[in-house]
Structures are given as structure tokens and as C-alpha cells.
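Student: Sending over a structure as C-alpha cells; questions will come in a sec.
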Amino acid sequence: MSTIKAPVDPTTCPAWKALAEHKEALEEAGISLKDWFAADPDRVGKLSFDVADLHFDFSKNLVTDETIALLVQLAREVGIEERRDAMYAGEHINTTENRAVLHTALRRPKNEVGTVMVDGQDCVADVHTVLDRMYDFAERVRSGAWRGVTGHAIKNVVSIGIGGSDLGPVMVYESLRPYLDGPACRFVSNIDPNDMAEKLRGLDPETTLVIVVSKTFTTLETITNAREARTWLLDTLREQGAINNTPEAAADAVAHHFVAVSTNLELVADFGIDPENAFGFWNWVGGRYSVDSAVGLSLILAFGREKFEQFLAGFHAIDEHFASAPLEKNVPALMGLMNVWYVNFFDAESHAVLPYCQYLHRFPAYLQQLTMESNGKGTRWDGTPVTTKTGEIFWGEAGTNGQHAFYQLIHQGTRMIPADFIAFVNTPNPTKDGDQDVHEVFLANYLAQTKALAFGKTADEVRAEGTAEWMVPARVFEGNRPTTSIFGKALTPFTLGALIALYEHITFVEGTVWGLDSFDQWGVELGKQLAKQIVPAFDDDDALAKQDASTKALMAFYRANRA
Ligand code: F6P
């Protein structure tokens with residue numbers, strides 16, 4: 001039985017009751033960002049923060065001084081600070097798996113060796129031992145010292161993994177493309193054979209390195225894909241006459257072209273990957289919190305050691321801020337608390353993250369696993385039911401593409417959708433259209449959207465444009481749709497690390513208010529178990545007979561139509 005204290009039911013906290021009353025009072029008085037801005041010339045100043053090269057403007061959120069004070073009071077009443085400290089210290093706050101939660105140890109600098117001891121293990125020392133091995137390996141590959149089985153240097157990397165073993169590396173790879181100076185990477189995740197087929201297209205196995213990334217090394221998709229890639233590698237090398245048909249030649253080829261990242265090094269060895277070429281991590285790193293562990297090996301290959309170190313430094317800067325800034329000025333804490341405000345007091349069901357940066361186009365997908373696998377839960381960390389709504393849906397798309405697709409719903413739909421807008425002052429691709437800086441046109445859109453959402457457009461303003469009276473309501477923008485603006489100087493490895501850590505801690509804050517173990521993921525298990533039971537039913541009538549009526553009918557359609 002865990003020694004972690006039972007969660008505090010937030011709905012029983014004085015601050016919760018006060019927030020409910022406060023919300024009613026705000027509604028009675030009329031929620032109006034326009035009026036709030038007019039009444040308080042320092043609103044923007046009071047609600048703006050600078051952390052880790054990022055500028056945050058919360059002023060267009062539906063909060064007043066009193067809201068912030070009450071949210072902070074709530075955070076104290078549910079014990080956010082204690083739980084944060086317990087997490088950083090390596091207590092087993094992941095109660096359902098009885099594990100420490102120490103992704104923050106992954107980015108502690110070397111001079112902090114000895115500061116985080118868990119179950120007798122010096123976590124920071126272990127982290128740096130693996131990092132040094134990764135840097136050394138990556139340098140050999142990048143410099144051409146590491147050769148494939150036929151003596152060629154590596155030009156391409158295929159990384160095989162899924163969920164936390166894929167979404168982070170892909171997102172970061174895409175985000176940092178301007179920094180690419182190593183082998184090109186392709187990422188295979190889906191067990192749909194189409195994914196592998198497309199990613200292997202055009203590759204020469206003699207110059208390709210495969211990284212199998214799996215925390216457990218048991219994930220069906222990843223292990224199936226790894227076997228498929230091994231078959232492709234060996235068959236193609238044989239067809240090319242590069243290796244002969246002996247088991248020794250196959251083992252030699254796998255040793256030169258396959259490396260692994262896992263916590264399960266025994267299964268890695270069983271797969272035939274040399275333990276020398278395996279990079280470990282630990283059960284205190286959750287899959288969706290692991291991009292800064294050995295799971296990021298492809299990123300070191302692609303961008304090099306220095307960039308990866310800057311990436312880790314960005315995470316660490318936010319970790320330090322989250323650990324030490326008072327809650328009133330603590331950016332991840334305030335963002336998490338505002339999310340709770342919207343979910344629990346305004347019935348917001350989703351939260352949009354809208355990066356005005358094409359390189360961040362996979363960031364919303366990455367955040368979906370981080371936030372929804374963490375907080376999509378109805379049971380608290382002591383096994384009791386939750387007492388409130390939890391886990392909003394995170395979604396988004398790079399601007400301005402989203403503007404021409406779903407922003408209509410955000411501007412004039414009937415649901416509240418709080419949104420984070422992220423942009424950068426500088427672009428690696430400055431471009432002029434005549435005399436006009438195109439990045440500035442792009443940024444004008446970033447600025448215009450939050451302005452429209454906050455301040456809207458009144459019926460009188462619409463009428464003044466000569467709109468027919470019956471059409472006026474359709475053209476009115478209510479405003480008061482909450483947004484947070486995040487503005488960085490540039491999308492660097494450092495700022496990207498900071499952004500990821502920011503959302504990790506936002507997720508933690510929300511999960512703690514709701515009493516959730518944000519680090520387990522039991523909800524994904526049943527589907528995996530059932531898929532294993534269904535596999536034999538494709539051909540075996542006895543296995544099919546055990547299925548439910550709907551599965552039987554779908555299978556009948558499959559059998560009748562399979563080519
Ligand atoms: O599907 C759930 C999950 O367990 C994720 O939490 C995890 O990131 C993913 O599967 C992949 O797991 P592994 O890294 O063990 O292959």
C-alpha cells in the first residue's frame with residue numbers, strides 16, 4: 001500500500017466554493033475583457049511573465065486579480081507544492097505502478113550528480129552515464145567512424161517506436177529541422193504495414209541505421225515493425241549480394257545496423273541487438289515524459305550533442321522555475337490552474353494549442369498523448385472516484401492553416417475553447433514579398449486572432465459597416481474567448497525544451513488538483529489485450545466463436561472480402 005497521502009477533494013476546499021461564488025459574481029457583473037482592460041491599465045503588466053526565453057501574456061484570459069488569488073489558494077489547499085516537491089525528490093507518487101516520477105532528473109546538469117537518490121540509486125549519475133554513451137555513439141555515427149556491415153557510413157536513420165517512444169522524437173525532429181546536420185531520420189510507428197512501406201521506400205540498408213525504441217520492448221506494434229525492418233534489411237542485403245545467407249552474416253548485419261533504446265535490456269538482447277548498442281532508461285521515466293531520455297537518441301544523431309544539451313537546458317530552466325517561483329508568479333502552475341478554472345467552472349471540454357510556427361506542426365499531436373494519457377482518468381491516485389470533470393481534449397494545428405479550417409468554431413461556436421497561441425519573433429527563413437516581410441504578415445495573424453477572440457465585434461460595429469439588420473447577429477463576435485499568448489525569441493533547442501517542460505508541469509498541476517495519478521495509463525491496456533485475442537480469429541473458427549456478435553459480423557465481412 002502506498003505511503004503517499006490521499007488526494008484532497010478539491011470540491012471540499014474553501015477556495016473551490018469561493019471560486020464558484022466568484023464566477024457567479026463575475027457573470028452577474030458581466031464578463032468583459034474590454035471593460036477589464038479599460039479599468040486596469042496595468043492588466044497586461046500584471047499578467048505577463050518572462051521565463052526561459054519565453055514571454056507569456058495571460059491578460060486575455062477570463063481572470064481578475066481575485067481569480068488568480070483564489071486559484072493559487074486552491075493550489076495550496078490541494079497541496080500542489082508538496083506533491084511537486086515529492087515528485088522532484090523521487091517519492092513514489094505514481095501509486096498505481098508504485099514508481100517514482102523523475103523526468104526532471106533527466107535534465108539535471110552533471111554538477112547535480114548525487115542530488116536525486118531513488119531506492120538507493122543515484123539517478124543523475126545514471127542519467128549522465130547513459131547520455132555520455134549516447135553522445136559517444138552519435139559522434140561515431142555522425143563522423144562516419146561507425147560503419148555499416150559493408151563498410152559504408154550511415155546516411156539515414158529509421159526510428160521505430162510508438163506513443164511516447166515516437167511522438168516526442170518526431171515532434172522535436174520536425175521542430176528543429178533548421179538545425180539538422182546529421183543523418184536524416186524517418187519515424188515508423190503504426191503497425192499498419194503502409195507506414196513501414198512508405199518510410200523504407202528508397203532507403204539503402206547498407207547506409208541505414210534502425211533504432212528500436214520501446215520502454216517495455218513488448219509493444220506489439222514496435223516489435224512487429226522491428227522484425228519487419230530486420231527482414232527488410234537482411235533480405236535486401238542478401239539480394240544486393242552484400243551478405244551471404246548464413247546466421248552469422250545475419251547477426252553481423254543486425255549488430256551493425258540495429259540499436260535499441262529500452263528499460264528492458266534483456267529483451268533487447270533476445271531480439272539480437274548487441275547490449276553494447278543498447279541505451280537504457282528507467283521505470284521512473286514515463287513514456288510520454290521520455291523524449292529527453294535515451295528515447296531522444298535519433299535527435300542526437302540528427303542534431304549533435306551541443307544542440308541536445310541546449311534542449312535539456314531548456315527543460316531544466318522551466319523545472320527550476322516550477323520548483324521555486326511562488327505560485328502567484330509560477331507560469332506552469334498558473335496555466336494549469338487556469339485550465340482547471342475553465343474545465344470545472346466554465347465547462348470547457350477542450351483546449352486548443354495553436355503554434356504559429358510550421359516547424360511545430362506535430363506539437364499538438366505530441367501534447368495529446370502528454371495531456372490526455374496523463375489526465376484522461378476517472379479514478380484518483382488512491383483508487384477512489386474523481387469528484388469533478390477531468391482531462392480536457394487537447395488539439396490544434398499550426399497557424400494559419402487552422403484559421404481556414406476550425407477557427408470558426410472557436411470564434412462563434414457555442415462551446416468555450418481556451419487556446420494557447422505560440423509564436424516566435426525570429427524565423428530561420430526570413431522572406432520578403434516585395435517590401436513586405438512575410439513573417440510579419442504571419443505574426444499579424446497570430447496577434448489578430450487573440451485580439452478578435454478577446455474583444456470581439458459588437459452589433460453596432462457590424463451595423464456601421466452597412467450590414468443588413470437580419471444578418472447582424474451572424475457577424476457579431478461576442479469576444480471574451482480566453483487565450484494565452486506565448487511569444488519566444490526564436491524556436492531553438494532551448495526554447496523547445498522549455499515549451500515541453502512547461503506543458504509537462506501544466507499537466508501535473510491539473511492532475512494534482514483532480515487527484516489523478518498522471519503517470520499511469522491503464523486505459524490503454526484493454527484494447528491491447530483484446531487485439532491479441534482477436535488475431536487468431538482471422539483464420540481460426542474456435543477463436544472466432546468466442547467473439548461478440550458485432551466482431552463476428554465484421555470478421556465475416558473481412559473473410560468474405562479478403563483478397
Ligand atoms: O499505449 C500506451 C503506451 O504504453 C504508452 O504509454 C507508451 O508511450 C507506448 O505505449 C509505447 O510503449 P513502449 O515504449 O513500451 O513501446
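For (1) out of contact with any Leu (no Cβ under 6 Å at 6 or more places or on another chain); (2) outside the structural domain of residue 505 (by TED's automatic domain parsing); (3) open to solvent by less than 10 Å² (accessible area, probe 1.4 Å); (4) β-branched (Val, Ile, Thr), each residue gets a yes or a no:
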site	(1), (2), (3), (4)
252	yes, yes, no, no
256	yes, yes, no, no
264	yes, yes, no, no
268	yes, yes, yes, yes
276	yes, yes, no, no
282	yes, yes, no, no
296	yes, yes, yes, no
301	yes, yes, yes, no
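Student: Tell me whether the stretch 498-515 contains one or more residues that are open to solvent by 80 Å² or more (accessible area, probe 1.4 Å), closer than 30 Å to residue 321 by Cα and touching a strand residue (DSSP E or B) at 6+ places or on another chain (Cβ under 9 Å). Explain how you work it out, then say what you get.
Tutor: Step one: of the stretch 498-515, the residues open to solvent by 80 Å² or more (accessible area, probe 1.4 Å) are none.
No, there is no match, as no residue in the stretch 498-515 is open to solvent by 80 Å² or more (accessible area, probe 1.4 Å), closer than 30 Å to residue 321 by Cα and touching a strand residue (DSSP E or B) at 6+ places or on another chain (Cβ under 9 Å).
Student: Given the conditions (1) away from the ligand (no atom under 16 Å from the Cβ); (2) without any contact (Cβ under 8 Å) to a residue 60 or more places away in the chain, and given that residue 310 satisfies all but one, which numbered condition is not satisfied?
Tutor: (2) is the only condition that residue 310 fails.
Student: Given the structure, is residue 298 hydroxyl-bearing (Ser, Thr, Tyr) and in contact with a Gly (Cβ under 7 Å, 6 or more places away or on another chain)? Quick ask: steps written out before the conclusion?
Tutor: Numbers: hydroxyl-bearing (Ser, Thr, Tyr): yes; in contact with a Gly (Cβ under 7 Å, 6 or more places away or on another chain): no.
No.
Student: Looking at (1) more than 16 Å from the ligand (Cβ to nearest atom); (2) open to solvent by less than 50 Å² (accessible area, probe 1.4 Å); (3) not small (Gly, Ala, Ser), find the lone condition where residue 470 falls short.
Tutor: Failed condition: (2).
Student: Which residue pairs have Cβ atoms closer than 8 Å, lie 6 or more positions apart in sequence or on different chains, and pair a first residue in the stretch 202-214 that is touching a residue at least 24 places away in the same chain (Cβ under 8 Å) and over 21 Å from residue 166 (Cβ atoms) with a second residue that is assigned to a strand (DSSP E or B) and of a type in the set (A, V, I, L, M)?
Tutor: 207/153
Student: Count, please, the residues in the stretch 250-291 that happen to be charged (D, E, K, R), within 16 Å of the ligand (Cβ to nearest atom) and free of Cβ contacts under 8 Å to residues at least 60 places away in the same chain. Give the steps one after another, and end with the answer.
Tutor: Here is the first cut: in the stretch 250-291, the residues charged (D, E, K, R) are 252, 266, 270, 274, 276, 288.
Then drop every residue that is not within 16 Å of the ligand (Cβ to nearest atom), which leaves 266, 270, 288.
When the remaining residues are screened for being free of Cβ contacts under 8 Å to residues at least 60 places away in the same chain, the result is 266, 270.
So the count comes out to 2.
Student: Inside the stretch 47-67, can you point out the residues that are surrounded by 14 or more Cβ atoms within 10 Å (Cβ to Cβ) and either more than 26 Å from the chain's Cα centre (by Cα) or aromatic (Phe, Trp, Tyr) (or both)?
Tutor: 49, 56, 58, 63, 64, 67 - these are the residues of the stretch 47-67 that are surrounded by 14 or more Cβ atoms within 10 Å (Cβ to Cβ) and either more than 26 Å from the chain's Cα centre (by Cα) or aromatic (Phe, Trp, Tyr) (or both).
Student: So how many residues does the stretch 147-188 have that are away from the ligand (no atom under 16 Å from the Cβ), part of a loop (DSSP other than H, G, I, E, B) and open to solvent by 30 Å² or more (accessible area, probe 1.4 Å)?
Tutor: 7
Student: Sticking with this structure for a sec: Look through the stretch 200-222, keep the residues that are in a helix (DSSP H, G or I) and over 16 Å from residue 257 (Cα atoms), and return whichever of them is nearest to the ligand (Cβ to nearest atom). Explain how you work it out, then say what you get.
Tutor: Our first condition is that a residue be in a helix (DSSP H, G or I); within the stretch 200-222, this holds for 200, 205-207, 220-222.
Subsequent filtering for residues that are over 16 Å from residue 257 (Cα atoms) retains 220-222.
Numbers: 220: 9, 221: 8, 222: 5 Å.
In this case the residue turns out to be 222.
Student: Show the residue pairs that are 6+ apart or on different chains and have beta-carbon atoms under 6 Å apart, the first residue being within the stretch 423-436 and aliphatic (A, V, I, L, M), the second being assigned to a strand (DSSP E or B).
Tutor: Pairs found: 423/356; 423/487.
Student: Select from the stretch 110-146 the residues that are at pLDDT below 95 and at positive phi and write down the one among them that is least open to solvent (accessible area, probe 1.4 Å).
Tutor: Among residues in the stretch 110-146 that are at pLDDT below 95 and at positive phi, the one least open to solvent (accessible area, probe 1.4 Å) is 114.
Student: Okay, moving on. Quick one: in the stretch 349-363, of everything that is hydrophobic (A, V, I, L, M, F, W, C) and more than 15 Å from residue 167 (Cβ to Cβ), which residue is most open to solvent (accessible area, probe 1.4 Å)? Break it down into steps so the answer makes sense when it comes.
Tutor: Just the residues of the stretch 349-363 that are hydrophobic (A, V, I, L, M, F, W, C), to begin with: 352-354, 357, 360, 363.
Still in the list and also more than 15 Å from residue 167 (Cβ to Cβ): 352, 354, 357.
Values: 352: 0, 354: 0, 357: 17 Å².
By that ranking, first place goes to 357.
Student: Which of the residues spanning the stretch 73-95 are under 12 Å from residue 116 (Cβ atoms) and either of a type in the set (A, V, I, L, M, F, W, C) or buried (at least 22 other Cβ atoms within 10 Å of the Cβ) (or both)?
Tutor: Listed by number, the residues that qualify are 87, 89.
Student: Additional query: Where the second residue is of a type in the set (S, T, N, Q) and at pLDDT 95 or above and the first is over 23 Å from residue 62 (Cα atoms) and lies in the stretch 463-478, which pairs have Cβ atoms under 9 Å and are six or more apart or on separate chains?
Tutor: Hits for this filter: 474/412; 474/467.
The values are calculated or read from the model by the stated rules, or taken from the named source; none is laboratory data. Source: prediction; values computed, not measured. For neighbour counting, all protein chains shown are included, and Cβ atoms are generated from backbone atoms with ideal geometry for every residue, glycine included. All accessible areas refer to the heavy atoms of the entire protein, side chains included, with ligands and DNA or RNA removed. Shrake-Rupley method; radii C 1.70, N 1.55, O 1.52, S 1.80 Å.
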